[in-house]
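Every number here is computed from the coordinates shown, using simple stated rules; none is lab data. It should be emphasised that the depicted structure is a prediction, and the values quoted were computed from it without experimental measurement. Cβ coordinates were reconstructed from backbone atoms using ideal geometry, including for glycine residues, and neighbour counts include every protein chain displayed.
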Amino acid sequence: LASRGVAVHLADHDPGQARTAAALGAGTDEAPEGRVDLCVVAVPPAHVAATLADVMRRDVARGYLDVASVKGGPRRELEALGIDLTPYIGTHPMSGRERSGPLAATADLFEGRPWVLTPTRDTDTEVLNLALELVALCRAVPVVMDADAHDRAVALVSHMPHLVSSMVAARLENAEETAVRLCGQGIRDVTRIAASDPRMWIDILSANPGPVADLLSAVATDLDETVTALRALQSADDAKRREGAAGVEGVLRRGNAGQIRVPGKHGAAPTAYEVVAVLIDDQPGQLARIFADAERAGVNIEDVRIEHATGQQAGLVQLLVEPKAAPTLTAGLRERGWSIRQ
Ligand SMILES: NC(=O)c1ccc[n+]([C@@H]2O[C@H](COP(=O)([O-])OP(=O)(O)OC[C@H]3O[C@@H](n4cnc5c(N)ncnc54)[C@H](O)[C@@H]3O)[C@@H](O)[C@H]2O)c1
Ligand SMILES: O=C(O)C(=O)C[C@]1(C(=O)O)C=C[C@@H](O)C=C1
């Protein structure tokens, strides 16, 4: 917001956090002189209602919004506090990090990502417009939803997957070092969010336990069936083994069918990109050089992944590009001396 010319005043119950954010260029930690246009509350879900009630009673802004990952609970808490909710709108940007605090923040975090707005019939139109302006300034995509429908949706696409990621990562806790050192990109993808702060996630899950429990119970059924199928694969009996293989294939195919529904970059329909894999030395400036050489070849990089080679000062950079651009990029990078992996 600060880089788009908005005057941002930062406050936190830990002044050090606001000072750090201000030092990073996010705004000033000095209090505003009068009433501001919009007050954005970005505190852990359990503190949202009390924090909003406090700022709303002090009449610090024309409009108020929060960005908590759950929407139904905080709204009901505010209602119970007897606050006039017309100047308030509950929102949730669907983008985040597994790390918290100002040092983990990035200015482009919300670009192209859905930002859910949950207005009610009573929400002041001026406040809805202020929220829409905020979303546009962050280059996010507004999505209007009912608060409880939002909570059911995020149980499916965020809360249940978070727990499953934690459970997969938990298997590594006491695993042999010889096994752990073999971790590749697959397990990195599946476990990244398991590094998040448990205190924040206890808050999130406590505010949405029912829908998450229903989904995990469906996952548990899949797990039971898959275990049965795998046990059948150990059988000496041919027919049993065929049954087991069909069971395992079934879950893998249903996984394929679900995975292709995950929206691609900027929420667009998923695109099948081609991977151009480049071997690099783990040295400063390598990525910048690859990107510059891709630009020289006239190719737009849609996404990038990095795989680090265990115990070596080397890595594999996977550049995801439109299929028709892959041969141009491969030739352009080869010409400039890069080692391309097929
Ligand atoms: N991290 C994500 O991926 C993500 C994504 C979307 C939405 N959210 C939501 O955003 C909100 C903030 O999450 P975050 O990841 O930025 O966490 P964070 O820990 O980086 O920031 C929370 C801040 O709130 C402050 N705080 C805690 N209690 C407070 C209180 N009572 N009054 C004033 N300040 C208080 C903390 O000092 C901290 O600086 C949460 O509601 C979370 O559900 C997080
Ligand atoms: O990708 C991450 O690291 C996130 O934390 C993102 C994520 C998500 O599950 O999509 C997590 C919680 C937030 O409420 C919104 C976004």
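Quick check: convex hull of the Cα atoms in the stretch 1-146, volume per residue, rounded to a whole Å³? Each step should come with its number before you reach the end.
Working: hull volume 15.8 nm³, N = 146.
Output value, Cα hull per residue: 108 Å³.
Can you list residues from other chains, or at least 5 along the same chain, whose modelled amide H is less than 5 Å from the amide H of LEU172?
Amide H neighbours of LEU172, under 5 Å, 5+ apart: none.
If Rh is defined by the Kirkwood formula over all Cα pairs and Rg also comes from Cα, what ratio Rg/Rh do you get for the stretch 199-342?
Working: Rg = 22.0 Å, Rh = 19.4 Å.
Taking Rg over the Kirkwood Rh, I get 1.14.
Applying the Karplus parametrisation 6.51 cos²θ - 1.76 cosθ + 1.60 with θ = phi - 60° to the phi angles of the stretch 208-220, what ³J(HN,Hα) value in whole Hz is obtained for each residue in order, glycine and proline being reported as x?
Each residue's phi maps through the Karplus curve to give 8, x, x, x, 6, 4, 4, 5, 5, 5, 5, 5, 4 Hz.
Quick query: amide H of ASP29 versus all other amide H atoms, modeled in the peptide plane; which residues come in under 5 Å with a sequence gap of 5 or more or a different chain?
HN-HN under 5 Å from ASP29: LEU10.
Output wanted: per-residue J couplings in Hz (rounded whole) for the stretch 21-27, from phi through Karplus 6.51 cos²θ - 1.76 cosθ + 1.60, θ = phi - 60°, x for Gly and Pro.
For the stretch 21-27, the Karplus curve yields 4, 5, 5, 7, x, 7, x Hz.
Let me know the shape class of the chain, please: from the alpha-carbon gyration tensor, a ≥ b ≥ c as square roots of the eigenvalues, rounded when a/c is under 1.5, otherwise prolate if a/b is greater than b/c, or oblate. Display every interim value, and only then the final one.
Details: a/c = 2.09, a/b = 1.34, b/c = 1.56.
Since a/c reaches 1.5 but b/c is at least a/b, the shape of the chain is classed as oblate.
Report the far tail of the P(r) of the stretch 156-281, meaning the percent of Cα-Cα pairs longer than 22 Å. Please report the intermediate quantities before stating the final value.
On the way: 4480 of 7875 pairs.
So the portion of pairs separated by more than 22 Å is 57 percent.
Which of the trypsin sites (Lys or Arg not before Pro) found in the stretch 148-222 are in a DSSP loop and have at most 12 neighbouring Cβ atoms, other than their own, within 10 Å?
On the way: sites: ARG152, ARG171, ARG181, ARG188, ARG192, ARG199; in loops: ARG171, ARG181.
Passing both the DSSP loop test and the Cβ count: ARG171, ARG181.
Give me log10 I(q)/I(0) at q = 0.25 Å⁻¹ for the stretch 118-162, Debye formula, one equal scatterer per alpha-carbon, no solvent.
-0.93
Okay, helix-only estimate at 222 nm for the chain: each DSSP H run of n ≥ 4 adds -39500 (n - 2.57), divide by all residues, round to 500 deg cm²/dmol; what do you get? Can you show the working numbers first?
Details: 13 runs with 151 residues, N = 342.
So the helix-based figure for the chain works out to -13500 deg cm²/dmol.
What percent does the relative contact order of the stretch 148-226 come to when contacts are Cα pairs within less than 8 Å and at least six residues apart? If you can, show how the numbers build up before the last one.
Numbers: 32 pairs, mean separation 38.8, N = 79.
Worked out over the stretch 148-226, it gives 49 percent.
Using amide H atoms built in the peptide plane, which far-off residues or other-chain residues are under 5 Å from CYS183 H to H?
Distant-sequence amide H within range of CYS183: zero hits.
For ALA22, what is the net charge nearby, where nearby means another residue's Cβ is under 14 Å from its Cβ and Lys, Arg count +1, Asp, Glu -1? Display every interim value, and only then the final one.
Details: positive: ARG19; negative: ASP12, ASP14, ASP29, GLU30.
Net local charge, ALA22 excluded: -3.
Tell me which GluC sites (Glu not before Pro) from the stretch 32-83 have a DSSP coil assignment and no more than 16 other beta carbons within 10 Å of their own.
Numbers: sites: GLU33, GLU77, GLU79; in loops: GLU33.
Here the sparse-neighbourhood loop sites are GLU33.
Rank-order 251-264, 230-243 by packing density, defined as the average count of other C-beta atoms within 10 Å over each peptide's residues, highest first. Working shown, then result.
Details: 251-264: 9.9, 230-243: 12.1.
Going from most to least packed, we get 230-243, 251-264.
From the phi angles alone, apply the Karplus equation (6.51, -1.76, 1.60; θ = phi - 60°) to the stretch 281-286 and give each ³J(HN,Hα) in whole Hz, x where the residue is Gly or Pro.
Rounded to whole hertz, the list is 7, 6, 10, x, x, 5.
How large is the dipole of the chain about the Cα centre if only Lys and Arg carry +1 and Asp and Glu carry -1, each at its Cβ, rounded to the nearest 20 debye? Walk me through the numbers on the way to the answer.
Details: 35 positive and 46 negative charges, 171 e Å.
It comes to approximately 820 debye.
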